[in-house]
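Below: one structure, written as structure tokens.
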Amino acid sequence: MAAFRTLDDADVAGKRVLIRVDLNVPMDNGRVTDDTRIRAIEPTVRDVTERGGRAILLAHFGRPKGREADQSLAPIARHLGACLGLPVRFADDCIGEAAEAAVNELRDGEALLLENTRFHAGEEKNTPEFVSALAKLGDIYVNDSFSTAHRAHASTEGLAHQLPAFAGRSMESELDALGKALEAPERPVLAVVGGAKVSTKLELLGNLTAKVDLLVIGGGMANTFLAALGHDVGKSLCEHDLAPTALKIIETAKVAGCEIVLPVDVVVAKDFKANAPHRVVPVTEVASDEMILDAGPATIALVQEKLNKVKTVVWNGPFGAFELTPFDAATVAVARSVAQATEAGHLLSVAGGGDTVAALNHADAAGGFSYVSTAGGAFLEWLEGKALPGVEALRR
Ligand code: AMP
């Protein structure tokens, strides 16, 4: 972590510490239904308050156009207090008089949540006026929200240029895990890329072929590769127009010394629904009225054999239509193998993006991975090899 300034470098005692957090939690009728993201910020808030700092939390919620009552952070402040075991005050604006008064009342070791930063247009536009209005409220800035670091907004990037800036604990763990997985990994590195379409993951595939030793392609996107290689994929989800792109990716990988692993057998059905009658066939024998919905047992065994030979795994996307039983089998089997090898100390494994967390939770495997990122877009941009503005601003 030497590349970034962290809370270890910050003297927070007696200071007003503006902490950018991710509170975009799922809500139902004003109640938080999954508090994973709230629990993730606890180490940072505790660290700051226990060292006598004044924790002032900044976050956005939803995509409001101006002030919209149903996108207020007020209900989350209550949940936050209960979760952190610490009273969390709330100010109904993130800048101006209400915010300044609430900050002035805050004592050392206390916490305050400011209202949704996106109630002001200056947040997403990252205007100097809005950044200054926020900066007035703090002495130092801590970014603990990797999931919003791909956006150069006032509270995710602008503030880092006006106040001394540090990575929070959750940001630090994420950067640490991601660095170990792709920037300075133990080799060989195997990447699993699954999911629906090649078109949404072109940059990601391009970046990974240059960085990893083995690239396992699964899910609907594998069909595009199989079709490009001349296999009949029947009525499978397939982007036939991307055949030249798929062939180019295979060629680039070859030049880069990255081995591409595609399914050798598949589970096919005539209907896209749970428990549809199905059969396992080699990739050469898909009938024209069938669709590929999962990788088959020989493919699972092949991937497991490859896993035995690598030291690092990066995972994004499911192997099949994992929401429909039994087409979750390959995703579940391979995810469990990765989790077991990680728990046995043979692997470092990092997963994230889109449906990946849901797929690994479904497989009951997420807990076994070294790190599972709940950041969607930011994780994918990182896999694409892009610099994230919120992260770059924290570099030493
Ligand atoms: P993504 O968001 O790109 O990671 O794609 C995830 C989605 O891909 C999941 O909803 C899966 O059901 C779907 N998917 C994976 N494999 C297949 C397949 N062979 N046919 C249709 N959909 C698939």
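For the range 326-338, the criterion of a residue being crowded, with 24+ Cβ neighbours inside 10 Å, more than 16 Å from the ligand (Cβ to nearest atom) and in a helix (DSSP H, G or I) is satisfied by at least one position. Filter the range 185-211 down to residues that are over 19 Å from the mean Cα position of the chain (by Cα) and in a loop (DSSP other than H, G, I, E, B) and give me whichever is nearest to the ligand (Cβ to nearest atom). Among those residues, the one meeting the criterion is Pro188. From the list Ala344, Ala339, the one residue that fits, being modelled with pLDDT of 95 or more and in contact with a helix residue (DSSP H, G or I) (Cβ under 6 Å, 6 or more places away or on another chain), is Ala339.
The set of residues in the range 347-368 that are away from the ligand (no atom under 14 Å from the Cβ), assigned to a loop (DSSP other than H, G, I, E, B) and in contact with a helix residue (DSSP H, G or I) (Cβ under 6 Å, 6 or more places away or on another chain) comprises Leu347, Ala365.
Of everything listed in (1) buried (at least 16 other Cβ atoms within 10 Å of the Cβ); (2) away from the ligand (no atom under 16 Å from the Cβ), the single unmet condition for Ala344 is (1). Flag: Asn223 matches the condition of being open to solvent by less than 40 Å² (accessible area, probe 1.4 Å), within 12 Å of the ligand (Cβ to nearest atom) and either part of a helix (DSSP H, G or I) or in contact with a Ser or Thr (Cβ under 6 Å, 6 or more places away or on another chain) (or both). Within the range 247-266, residues that are without any contact (Cβ under 8 Å) to a residue 60 or more places away in the chain and within 13 Å of Asp213 (Cα to Cα) sit with their Cβ atoms under 6 Å from residues that are open to solvent by less than 70 Å² (accessible area, probe 1.4 Å) and in a helix (DSSP H, G or I), at 6+ positions apart or across chains, in these pairs: Thr252/Thr209; Ala253/Thr209; Ala256/Thr209; Cys258/Thr209; Ile260/Ile250; Ile260/Ala253. Only one entry in Leu229, Leu205, Leu237, Leu262 is open to solvent by less than 20 Å² (accessible area, probe 1.4 Å), at negative phi and assigned by TED's automatic domain parsing to the domain that holds Val338, namely Leu205.
The values are calculated or read from the model by the stated rules, or taken from the named source; none is laboratory data. All values reported here derive from a predicted model rather than from experimental measurement. In this analysis, Cβ positions are derived from the backbone assuming ideal geometry, glycine residues included, and neighbour counts consider all displayed protein chains. Side chains included, ligands, DNA and RNA excluded: accessible areas come from the protein's heavy atoms. Shrake-Rupley method; radii C 1.70, N 1.55, O 1.52, S 1.80 Å.
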